Structures are given as C-alpha cells and as structure tokens.
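Please read the structure below before turning to the comments.
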Amino acid sequence: MDIALVLSLILLLALGCQWLAWRIQVPAILFLLLAGLALGPGSGFLNPDELFQDLLIPIVSLSVAIILFEGSLSLKLAEVRELGTVVQRMVTIGALLLWVMVAGATYLIFGFPLEICALFGALMVVTGPTVIVPMLNSVRPTSKIANALRWEGIIIDPIGALFAVVTYEFIVSISLGEAALSHSLIIFAETVFTGLAMGIAGGFTLGYFLKHHLLPEYLQSMATLAILLVVFSLSNLIHHESGLLAVTAMGMYLGNQKDLNIAHILNFKENLTVLLISLLFILLAARIDFAQLLNLGWQPVLILVAIQLVARPLKVWICTLGSDFNWRERALLAWIAPRGIVAAAISAIFAERLLTLGYEDAAYLVPLTFWIIIGTVVLQSATAKPLAYLLGVMEPERKGYLIVGANAFARQAAMCIKEAGFRAVVTDSNWDNIRLARMAGLETYYGNPVSEHAERYLDLSGLGSLLLASPYRDVNAVAAVHFRSNFGSNKIYGLNSDLDNGSTKFQLNQDYVGRKVFADSLSYSKLASLTAKGYNIRSTTLTDTFDWEAYCEKNSPQTVIFMASTEGELKPWIPADDLKPGPGKRIFSLQEPEPFEAQATETVNA
C-alpha cells in the first residue's frame, strides 16, 4: 500500500477526531484511540511497524520531546509560587507515593514480577497535559484548581519518565548481576544532571539568538525546533533517556525569560503539537494486539479502581495538608488525573527493550497502559464536569465581556451586560474613567490589559468575549492580538472608525480590529458624541405581538447595540449577519434621552 496515501488518510481521520472532540467538548484522545484500534487490530488496515520499520520508535521519541517542550514553554514560575507547596508536593512526594501504591496494586492483582510492576507504577505517575488541558477547557474549574492540575500535568511528565528510566536501569542491572540499588541511584543522579545541564544550555543558546535578534523572525520557529531536537537527541546520547527532562528544562527556562517574546514560537509549537498528538495516538493504538487486551480480562478494571479511588485521592490528601485548598477543591483535584501520550509512548519504548531481556510479561505493559488511558479519559470526561458543578468549584460560563476602555459608552455597555446577567470587566489606564466605572458598581482593572501584571491579576473567569471600545486605535489593535488566544478571533469585537471609510492606507488590517459591530454610522466618535448628549442604552423584549418588524417601525435598527436571548446569550449587533430576532429576544439599543434627561444633561454640560 502507498505510504503517502496511508499517511494522508491517517491525517484526515485525525482531523475528524479532533473536530468531533471539539464539537462535543471531550478530550480528543478518546476518539484518536478508538480510530487507532479500528485501523490497526480492528481491521488490519494499518500496521505502523511495517509502515515505518526501525524509524517508528525514533519518530515517537522526537514527537514526545516536542510535546513536552510546548507544554513547559507556557509555564510561569510566578504561578507555581502563588500555589505554594501543593504542586511541589504533588510532583515529588505525591509522585513517589503514587508510584509505590500503583506498583503494589499491580503486583497483588496481576502477580507480574516486581520489576514489571515497578515500571508500570512509574508509567502511571504521568498524567499528561495533552489530556489535562482539553479536560480543563471542558470542565472549567476555578483558576486555583486549573493551575495546579496544569502545572502537575506538565512537570510530572519528565519526572514520571525519569522514574521509568531508573526502574528500567534497575532491571537491567539485576539482569547483569550488578549492585542494583547503587547503580540505580547513580543513574538517577546522572540523568537529572545531564537533562538539566543540556536543557539550560539549549535554552540559553536559543534565548541569546532571540534576544540579540541574530535570526529573522521567519526562521525563529525553525531554529527553535532544530535546537530543541538536537538538545533532546544529544542529551539522550550523553545519557540514556535524559532528553525528556532536558526539553522540559529548556522550555521552562525560555518561558520564564524576561524581555523575550516567544508568542509566535508558542503558537507554532501549539499547532505542531496538535498534529503530533493526533498522529501518535492513532499509530500507537494501531500497534496494540487485541489478544493481549482480552488476555488481561477484567483485572484492568481493578487497577483503574485502585488508581482512581485509592491512590490518587490519598496522594492529593497528603499533598494538600496545611494548604488553603478546601475539601471541595481537593475532591476535584483527586478526581481529575487522566493519562496521556507520554505514558503510551514510554510504555511502547520500554516494553520492546524488556522483551529482548527475556521479560515476557513486559508484553502486557502497552495494552495495560492503554486500558488505563481509555478508562481514566472516559470516566473523568463523563463525570468531572457534573462533579465540579455539584462541588461548586466551576468557573461561571464564559459568556461575559472584557471591555477595553472605560469611557462613557464603554461604561454604559458594561452596565447593559451586567443588567443582562453576565459578567463585565472594563479596563483602562485613565484613572478618571476607572473611578467613574467603580462608582457605577462595575468591575474594573486599572492599567494596561496586555501588561505582565494583567496576565497575573486580570481575572478572566466567566469572560468569553472582548469588546474593543478604547478611543486609541493602537490600544485596541494590541489588545485584539494579545487576547486572541483567550477568546478566539470570532469573539473579538471592534467599533467602527471614522478612518474606515477613508483611504485604505489609514485602515487597520482585519486581524487588529476584530469583527465590526453596530451600524456603520455608529463609529466611536459618534457613540462618544451621543453619550455626551445623554443618549443611553435601553432594552426592549420582543413578543409575538411586538415582533422585529414592529420594533423596526418604531425604532431604527441602526441604533441596536446588543441582542440577548432567553437561552442565555448576549451578542453585539452585527448588521452584516442580517439577523431577524424572534419572540423572546431582548434588544438593547441606544435611545435619545427623555426631555427631563436632556435638560439635566444640558445643565451639567453648561
């Protein structure tokens, strides 16, 4: 069969899995695994070992390195300092405790040799950001829980891999008749030293090139990928399996450098990671032998129960002792810990090596790992969101608005959003505007919304859209680019500008202005003028007798600002969408002041 055609079909299938997962808000790993099982052992269409032969394991290893680097690149040390010692305990004492408990449970349930049980326990330490992040996006726990799980997921990957390396070396030393314990401790120290040294050296080198502008921007992503893979491979060459720790250290070093812009590199890595994860899960699942899966019987269910209901809760309880995590937050922390691509990839790598050493039970490492991956993902995807709701540790739905600008119109828009039952936050660097917003009872952020301070202290929970209402076009443009990853380009809305109808050389690119809202005649300057004259936003609810046509006869649709539905949505009015709202819709429009309001406004202006 043509290799190019097979790879193309796998990529198309991976796209379908990712899209389906996005539509129903569950981790894509579930559908990717099912697709791999269907293509491989299910139909025999795909045999990765025949397709890639000796290149398969190196491809898997390099892909995992890229995935780990991308995850660690987004970690900020300030976040973990704010979480205190909880995450530090979870990735050290907690990881060791989980390793021992899972290894012991595996020995009691399956009766495998202790060496194999210890290796499987090390693999189960890894939770994995590739499944944690999509699950967090679906569950939407509070930021404290989300940060703890995200940090644990990324840091625990190389630590779990390190545990697996130490266990493997322990097994090898036993098979060679060497002093197993001392040999393993030496291997542990050498692996950590090599990984950290190579990672920091690689991060320093790449950071030097970027800070001193020695590379054009279009080559920076390529340079990052090249240096990353060299660091990983060279670290592994110096010391076996130290590469995963090296790429994690390299990512954290770069991600925490001040005055280093890596946003474009991070975007490139995120897109590449989605591609690699999709392909890896399908390929690794396609290698599973159904006979081995069936031979495991019902016993994997017992392992899953032991991990989910005993080992993980005990780990979280011990690691959160003395912290400010309440019992509800601890309960959700204990429930969410799906296994991901790193566990699957490392199990495949070490299983082959142990089989060559004569450990026949090592053949069950891969199917058992996949059992736990599928079990944790399915169980937690189905139950984590209802559990978070019952425990009261969910963020509010992301239907609110962050408004850039706290001028008179922005304040009216925020009050309108608040009246509709949604969260609204206005941000401005003008203290007088912020003061008036606070006097009106609005949530505010005083400062630059794209500053490093804002990244740490601007609370975006419950906010799903961005309204650009600042009089300064540059501020709006920067905010549109900065918050695109938070809200998505389709949820960034901008006002019309008087310059938009002039020469094209004065118009901003669409990427920097968001989706144009309100009628063309309602530019920022027009809105500012009307609000200064006392115009304010009022609401009207459509009914069967007073429908949209009747509304348009009485009011000009050119003045519509927002439209709210009974389903709990609030959207800015976009004339280009040509919507015809039905009964139950609530129309917010800018109305001229009543006579007494106009007189009061004139008196104040006078």
(request) Calculate, for H453 and N261, the FRET efficiency according to 1/(1 + (r/R0)^6) with r their C-beta to C-beta distance and R0 22 Å; round to the nearest 0.05. (result) 0.80
(request) Do me a favour and compute the ellipsoid semi-axes for the range 196-266 from its Cα gyration tensor, root of five times each eigenvalue, largest one first, whole Å. (result) 21, 12, 9
(request) Run the dipole for the chain about the Cα centre, Lys and Arg Cβ at +1, Asp and Glu Cβ at -1, nothing else charged, and hand back the magnitude in debye, nearest 20. (result) 1060 debye
(request) Can you give me the three principal axis dimensions of the range 87-135 from its C-alpha atoms, in Å, biggest first? (result) 34, 22, 14
(message) If you build the convex hull over the alpha carbons only and average its shadow over all orientations, what do you get for the range 271-339? Give it in nm² to one decimal.
(response) 7.0 nm²
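Using a Förster distance of 45 Å, how high is the FRET efficiency between A382 and F193, based on the Cβ-Cβ distance and rounded to 0.05? Don't skip to the end; give the middle numbers.
Values: r = 43 Å, r/R0 = 0.95.
For A382 and F193, the calculated efficiency is 0.55.
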(request) May I have the pair-distance distribution P(r) for the range 431-480, computed from all Cα-Cα distances with 10 Å bins from 0 and rounded to whole percent? (result) 21, 54, 24
(request) Using only the alpha carbons, work out the radius of gyration and Dmax of the range 263-416 in angstrom. (result) 21.8, 76
(request) Starting from the range 258-328, pick out the chymotrypsin sites (Phe, Trp or Tyr not before Pro) whose DSSP state is loop and whose Cβ has at most 14 other Cβ atoms within 10 Å. (result) W298
(request) Compute the projected area of the convex hull of the Cα atoms of the range 367-449, averaged over all viewing directions, and report it in nm² to one decimal place. (result) 8.0 nm²
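Can you give the translational diffusion coefficient of the chain in µm²/s, computed by Stokes-Einstein from the Kirkwood radius over Cα pairs at 4 °C and 1.567 mPa s? List each step's numbers first, then the result.
Numbers: Rh = 26.9 Å.
For these conditions, the coefficient is 48 µm²/s.
Compute the Rg to Rh ratio over the range 222-339 from the alpha carbon atoms, using the Kirkwood formula for Rh, and round to two decimal places. Walk me through the numbers before you get to the answer.
Working: Rg = 19.9 Å, Rh = 18.6 Å.
Here the Rg-to-Rh quotient is 1.07.
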(request) With a point put 7 Å past each Cα toward its Cβ, work out how far V481 is from Y446 in nm, to one decimal. (result) 2.9 nm
(request) Determine the share of the range 1-42's accessible area contributed by carbon and sulfur atoms, expressed in whole percent, with a 1.4 angstrom probe. (result) 75 percent
(message) Rounded to the nearest 10 Å², what accessible area does H213 have for a 1.4 Å probe in the complete protein model?
(response) 150 Å²
(message) Using only alpha-carbon positions, what ratio does the radius of gyration of the range 318-394 give when scaled by 2.2 N^0.38 Å?
(response) 1.50
(request) Given the peptides 167-173, 514-520, arrange them by the average over their residues of other C-beta atoms within 10 Å, most packed first. (result) 167-173, 514-520
(request) Subtract the Cα-Cα distance of L219 and E352 from 0.36 nm times their separation in residues, and report this length gain in nm to one decimal. (result) 44.1 nm
(message) Quick query: amide H of G400 versus all other amide H atoms, modeled in the peptide plane; which residues come in under 5 Å with a sequence gap of 5 or more or a different chain?
(response) R423, L463, G464, S465
(message) I need the calculated FRET efficiency for the pair I227 and S521, taking r as the beta carbon distance and R₀ as 56 Å, to the nearest 0.05.
(response) 0.60
(request) Using amide H atoms built 1.01 Å from N in the peptide plane, name the residues 5+ places from T320, or on other chains, whose amide H lies under 5 Å from its own. (result) none
(request) Can you tell me the relative contact order of the chain? Whole percent, Cα pairs under 8 Å, sequence separation 6 or more. (result) 14 percent
(request) Work out, in µm²/s and without decimals, the Stokes-Einstein translational diffusion coefficient of the range 1-154 at 25 °C, 0.890 mPa s, Rh from Kirkwood over C-alpha pairs. (result) 134 µm²/s
(request) Taking all protein chains together and a probe of 1.4 Å, list S182, S347 from the most accessible to the least accessible. (result) S182, S347
(message) Per DSSP helix of 4 or more residues, -39500 (n - 2.57); summed, then divided by the residues of the chain. What does that give at 222 nm, rounded to the nearest 500?
(response) -19500 deg cm²/dmol
(message) I'd like the accessible area for M101, computed on protein heavy atoms only with a 1.4 Å probe and all protein chains in place. Round to 10 Å², please.
(response) 40 Å²
(request) Filter the cross-link list K399/K516; K211/K269; K258/K399; K533/K580; K144/K399 down to pairs whose alpha-carbon distance in this structure exceeds 22 Å. (result) K258/K399; K533/K580
(request) Using θ = phi - 60° and the Karplus relation 6.51 cos²θ - 1.76 cosθ + 1.60, list the HN-Hα couplings for the range 296-305 in order, rounded to whole Hz, with x at every Gly or Pro. (result) 6, x, 8, 5, x, 5, 5, 4, 4, 5
(request) Note the per residue figure in Å³ for the convex hull of the C-alpha positions in the range 134-267. (result) 131 Å³
(request) Would you list the P(r) distribution for the range 532-575, with all Cα-Cα distances sorted into 5 Å bins from 0 and each bin expressed as a whole %? (result) 5, 17, 27, 28, 16, 5, 2, 0
(message) Quick check: convex hull of the Cα atoms in the range 383-498, volume per residue, rounded to a whole Å³?
(response) 123 Å³
(message) Keeping all protein chains in the complex and leaving out DNA, RNA and ligands, what accessible area do you get for R435 with a 1.4 Å probe, in Å² to the nearest 10?
(response) 100 Å²
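The values are calculated or read from the model by the stated rules, or taken from the named source; none is laboratory data. What you see is a predicted model; the values in this text were computed from it and never measured. For neighbour counting, all protein chains shown are included, and Cβ atoms are generated from backbone atoms with ideal geometry for every residue, glycine included. These area figures cover heavy atoms from the full protein model, side chains too; ligands, DNA and RNA do not enter into them. Shrake-Rupley method; radii C 1.70, N 1.55, O 1.52, S 1.80 Å.
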